[in-house]
Amino acid sequence: MDNPTMARLLSQTADLLEIDGGDNFRIRSYRRAAEAAEQTTVDLMAAAAETARLLEIPGIGKSMAANLQAIAATGTLPLRDELLAKYGAGLLELLNLPGMGPKTVALLWDAARIASIDQLAEAIEAGRLAGLPRMGDKQIDKLRKGIDDYRRSAGRYRIDVAEEAAQRISAYLLAFPGIDKVTPAGSLRRGRETAGDLDLLLTGPACAPENTGAAVEHVAAYPGIHDIIAKGENKVSFHLANGLQVDVRLLPSASYGAALQYFTGSKAHNVSLRQRALKMGYTLSEWALARLDDESTVAAATEEEIYAALGMDWMPAELRENLGEIEAAARHALPKLIEKADLRGDVHMHTTATDGHNTIREMAEAALACGYHYIAITDHSKNLAMTNGLDEKRALEHVQRIREVDQQMQGRIRVFTGIEVDILADGALDLDDEVLAQMDVVIASVHTRLEQSREEMTARVLRAIENPNVRILGHPTGRLLLRREPFAMDMGNVLRRASELGVAVEHNAAPERLDLNDRNLRLAKESGCRIVMNSDSHDARNLGKMDYGLRQLRRAWLGHQDVLNTLGAEEFLAALRPRA
Ligand code: DGT
Ligand code: CA
Ligand code: CA
Ligand code: ZN
């Protein structure tokens, strides 16, 4: 079990205690321990053998050390199990609904014995929530929409969740002699923002046909397996504890390329490719590209050979959605996609001044370690009170401190001043223009009143970007993947105007956001918009985590020339919307 999983058990226990009306002091100590488990660099599983090592972690006292040891020994926490037995496992799922915290769940339980999403949906439809405290019509509508969104996205997993599972499973599988290579295929390889299931391909001597028995048993013995769905000679399918399905296939090296091509998909890409093969007198399967007449193999071992035999260039998996890539590869006219090494800076991040975990200096040092040439510090503004957002006075003091750190870094990295200023409900900005005018990078973002109508939201964002201080429109759809749908807005209209004004649009690389999505990124490019990719880090450890975002840019066919923060520091500043 890894640290985040242990942290989750502790924070779920805190939630359950709060719902149960437990002692505040106790609830807080679970929350603090969850936070500590999330933050620490100590491997908790290993440290659990020695109480003293656990106690050295700030936020872990005697009773929480004992809890961590219980988790390490049994994989679970007795108190959590007890509370779940009392209320039912569905209670925790309720907390996934937007705006649903332990207090609301407790209210729903006390007033109507609601302990799952299904029961909540039923109660709403039967009108049983009307009249409950804090449950006005608007609140109930919000809940109904939250349930719809949740059900629509159920069964898919965020790309980072799928990726981390793939890495853990790969590490385990590669320890087996005879498994030489584990390659993720399917939607994960294509870099889609979510995955329905995980497809892993294994090759090596232990994966050759008629010889797979031991390797199959090793796969089936993976400790993270919740239940096995199917186990055959060259395939094992199972669920992980979080419900994610994993399809593992064992392959002979000779047909590795054909299998990788087939199981990478997408389905639409494969259908189109197979038609092309047929026209050329070939048949394409997961085993090989073969001649139709005598079934002899034309290519099978690598993807490059297969695409080449079809008269095409090999293409990165992110492009394989049947959106013109097959024709482009046949014309030898594939785009050159942006790469990690192209990124020179990151201009959206938070510090301890608001809701970040690190200081300006720590962020600068971490960015330096990522190889960046520049960053901008962009904390929240006062409208986001729960983040301790900056008012005018604090914002100016912060700018001063940012400039000091910029000096201290002595040119090793540039630290630009900035702010993520809230776009208020009417489209006004949350801070005075004179204050904004003193900053290098002003990002304007919508964080509140997301329920506005399409007309209101479009007008609101258009008004905000008219403000000449705005350089970048932050996370332009406000979505939280699998949790909150994008707000209603006329994106085409906003992108057109942003392009006219020279306001850049952000691709937010945080894996829970990833907006603009691939489709809208294409639209942004077609509209002539400048695009900036940012990590939106609230923690120095997240700096440099641009991979998931990068893959969305690549899915949108973007090259380095399409993304502003591939420029050097001075060129980047100069390329932002010029000062009025
Ligand atoms: P997902 O799992 O929903 O995120 O999406 P994928 O693309 O990973 O889909 P999945 O896991 O069902 O299948 C993996 C790949 O296998 C898929 O991208 C293409 C290939 N594949 C699966 N079923 C078919 C099929 O019926 N025809 C063709 N041509 N390819 C298929
Ligand atoms: Ca899949
Ligand atoms: Ca699959
Ligand atoms: Zn934001």
Practice item. For region 77-159, give the magnitude of the charge dipole about the Cα centre (Cβ charges: +1 Lys/Arg, -1 Asp/Glu; no others), in debye to the nearest 20. Key: 260 debye
Practice item. List the lysines whose Cα lies under 18 Å from the Cα of K393, skipping any in the same chain that are fewer than 8 positions away. Key: K382
Revision key, fill the gap. Across all Cα atoms of region 81-154, Rg and the largest Cα-Cα distance (Dmax), in Å, are 11.6, 35
Exercise for review: Compare the Cα positions of A299, I413, G311 along the charge dipole of the chain (+1 at Cβ of Lys, Arg; -1 at Cβ of Asp, Glu; about the Cα centre) and return the one farthest towards the positive end.
Suggested key: G311
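Using only C-alpha positions, report the orientation-averaged shadow area of the convex hull of region 200-318, nm², one decimal.
Working: hull surface 33.2 nm².
Over all viewing directions, region 200-318 projects a mean Cα-hull area of 8.3 nm².
Within the set K231/K340; K267/K545; K235/K336; K181/K267; K336/K545, which residue pairs have Cα atoms separated by over 27 Å? Intermediate values should be presented prior to the final figure.
On the way: K231/K340 38 Å; K267/K545 29 Å; K235/K336 36 Å; K181/K267 24 Å; K336/K545 22 Å.
Violating the 27 Å Cα-Cα cut-off are K231/K340; K267/K545; K235/K336.
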Study note, to complete from the structure: Lys and Arg at +1, Asp and Glu at -1: neighbours of G224 with Cβ under 13 Å from its Cβ sum to -2
Study note, to complete from the structure: Hull volume per residue for the chain, using the convex hull of the C-alpha atoms, in Å³ is 180 Å³
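Let me spell out the model: positive unit charges on the Cβ of Lys and Arg, negative unit charges on the Cβ of Asp and Glu, origin at the Cα centre of region 285-395. What dipole size does that give, in debye rounded to 20?
On the way: 10 positive and 21 negative charges, 175 e Å.
For this selection, approximately 840 debye.
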Study note, to complete from the structure: Residues other than F263 with Cβ under 9 Å of its Cβ, Lys/Arg counted +1 and Asp/Glu -1, net out at -1
Exercise for review: Would you calculate a helix-derived [θ] at 222 nm for the chain, using -39,500 (n - 2.57) for each DSSP H run of n ≥ 4 and dividing by the full residue count, to the nearest 500?
Suggested key: -12500 deg cm²/dmol
Practice item. Kindly state, as a whole number, the per residue volume in cubic angstrom of the convex hull around the alpha carbon atoms of region 391-431. Key: 51 Å³
Point to revise | Cα-based reach from K145 at 12 Å (exclusive), listing aspartates and glutamates while leaving out same-chain residues under 8 positions away | key: E451, E485
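Can you work out D for region 131-229 in µm² s⁻¹ from Stokes-Einstein, where Rh is the Kirkwood radius over C-alpha pairs, the temperature is 20 °C and the viscosity is 1.002 mPa s?
Numbers: Rh = 16.4 Å.
For the chosen part, D equals 131 µm²/s.
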Revision key, fill the gap. Filtered hits (lysines, Cα-Cα < 19 Å from K86, offset >= 8 within chain) -> K103
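Run the dipole for the chain about the Cα centre, Lys and Arg Cβ at +1, Asp and Glu Cβ at -1, nothing else charged, and hand back the magnitude in debye, nearest 20.
On the way: 69 positive and 83 negative charges, 93 e Å.
Roughly 440 debye for the chain.
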Revision key, fill the gap. Charge dipole of region 340-575 built from unit charges on the beta carbon (Lys, Arg +1; Asp, Glu -1), centred at mean Cα; most positive-end Cα among L429, A364, A510 is A510
Exercise for review: Among DSSP beta bridges lying fully in the chain, give the percent that are antiparallel, nearest 5.
Suggested key: 45 percent
**Study point:** Mean shadow area of region 262-330 over all directions, Cα convex hull, nm²
**Key:** 4.0 nm²
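Which whole-number value in Å³ per residue fits the convex hull of the alpha carbons of region 45-124? Provide the component values of the computation, followed by the final result.
Values: hull volume 9.6 nm³, N = 80.
In region 45-124, the Cα convex hull volume per residue is 120 Å³.
Quick note: the coordinates plus some simple rules give every number you see, no bench work behind them. None of the values given here were measured: they were computed from a predicted structure. Ideal geometry is used to build each Cβ from the backbone, glycine not excepted, and the neighbour counts take in all protein chains shown.
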